[in-house]
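Here is the structure we will look at, set down as structure tokens.
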Amino acid sequence: MNKFTITIQTLTPLWTGDVKRKCDTLKLTGLLGSLRWWFEALVRGIGYKACDSTGEKCELKLEKPTDLQDIMQKLCPACFLFGTTGWKKRFWVEEKKKELMEIPLIVFGTRKKRKGKYLSRTCRGIQGEIELYVHFNNSKKIYNFLLLETIKVVSQWGMLGAQIAQGNGTIFSKIHPQYTIHSFESLPKTRFQRHCENCPDFRNFKFLKFQITFKNDIKGIAKFIWRKNNDDNRKLSGNIKKLWENFGFLPIAFHLRDLLRQNLWRNNKDRRHKMLGKMGFGSRVFVSHAYKISDNTVEIRIFGYDFQKNGWENIKTSISNVSLLNQFLVNNNPLVAGVNIELETTGKEIIKSFLRSE
């Protein structure tokens, strides 16, 4: 089977912005770039090599017809499937249906001044449902399977698109029809010329989903969500309420990242920048905005990689602290009733699960 239908429902805003930094419609290139990042990490996690899509990739130079016979030894799985110099990607994606809306813009100031001024952190993007057709055009069924598994992992545990470190891209997806797993022995074991030694490896990933229950109906607490004193409070509260009532999520990823920043790494700038990122250096910890479970309960996803000893346990302890949540989410108002870690897994466990099902 070379054709699949993928239905995506957004749980938090999807961001696939263009060069003008706008996102009022879906940009497939933004989705594919994000999928490639996940695919590369998954390929490394099962013990094979993959290039870094943000750096130098494999290059294919076909000088004679027989060069095609060695194609699998010249391209890493990511470059073979997604394309590289001299080689086009082995699948294409077609928009079948989309029902998307641009969300109201939310702007939070930072808690502290950075280089003498407060910075702005924005929540923006599109929400709704997307139906895509994915057509594969290659004989390497294992690569097709790995891409579908990548989509499944993102749907269950991760985030998709750009700005995922800022809470965007939480989705739920369905793939039709069901597909058959193929042997991993068919993957090439060559040490590719441009493989990436220090890039994300799925074996080092950790994931969790946790739920926060508030004492009151969430639509009534928008005015308590923390904001900087000179933020536009009236507009901000109104837009937060609209996001909850119309789109079913709360824009609190920034607040949760601040909680981790201040509680875990406030006095260790190097470690803080390594895990949460800085200008020109991406985050290794990703926190989603909160999406609706019930009128007073939300769920949040957190994932990351390359944790030091006890680093992951410290994150779990911090986000389970009701006092800290009241402080960082709702400005010290006692509105959080409880916290519960619902599900937790690791990249190693996910890999084992689909290797066992071969």
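Here's the picture: charge each Lys and Arg Cβ at +1 and each Asp and Glu Cβ at -1 in region 87-176, and of ILE103, ASN168, LEU119 the one pushed furthest to the positive end of that dipole is LEU119. Residue-normalised convex hull volume from the C-alpha trace of region 203-350: 127 Å³ per residue. Of SER294, SER237, SER34, the sequence from fewest to most neighbouring Cβ atoms within 10 angstrom is SER294, SER237, SER34.
With a threshold of 27 Å on the Cα-Cα distance, the over-threshold entries among LYS74/LYS96; LYS97/LYS292; LYS3/LYS348; LYS115/LYS274 are LYS74/LYS96; LYS3/LYS348. When peptides 246-254, 302-310, 263-271, 114-122 are sorted by average Cβ neighbour count within 10 Å, with the highest value leading, the order is 246-254, 302-310, 263-271, 114-122.
Please list, by residue number, everything in region 244-273 whose backbone N is under 17 Å from a paramagnetic label point 7 Å out along Cα→Cβ of GLU102. From region 244-273, the list is empty. For the listed peptides 198-205, 74-81, a ranking on the average number of other beta carbons within 10 Å per residue, highest first, reads 74-81, 198-205.
Using r as the Cβ-Cβ distance of GLU349 and LYS215, and R0 as 51 Å, what FRET efficiency do you calculate, to the nearest 0.05? For GLU349 and LYS215, the calculated efficiency is 0.90.
Where a number appears in this text, it was derived from the coordinates with a stated rule and is not lab data. Just so it is clear, the model here is predicted, and its values are computed rather than measured. Backbone-built Cβ (ideal geometry, glycine too); neighbour counts: all protein chains shown.
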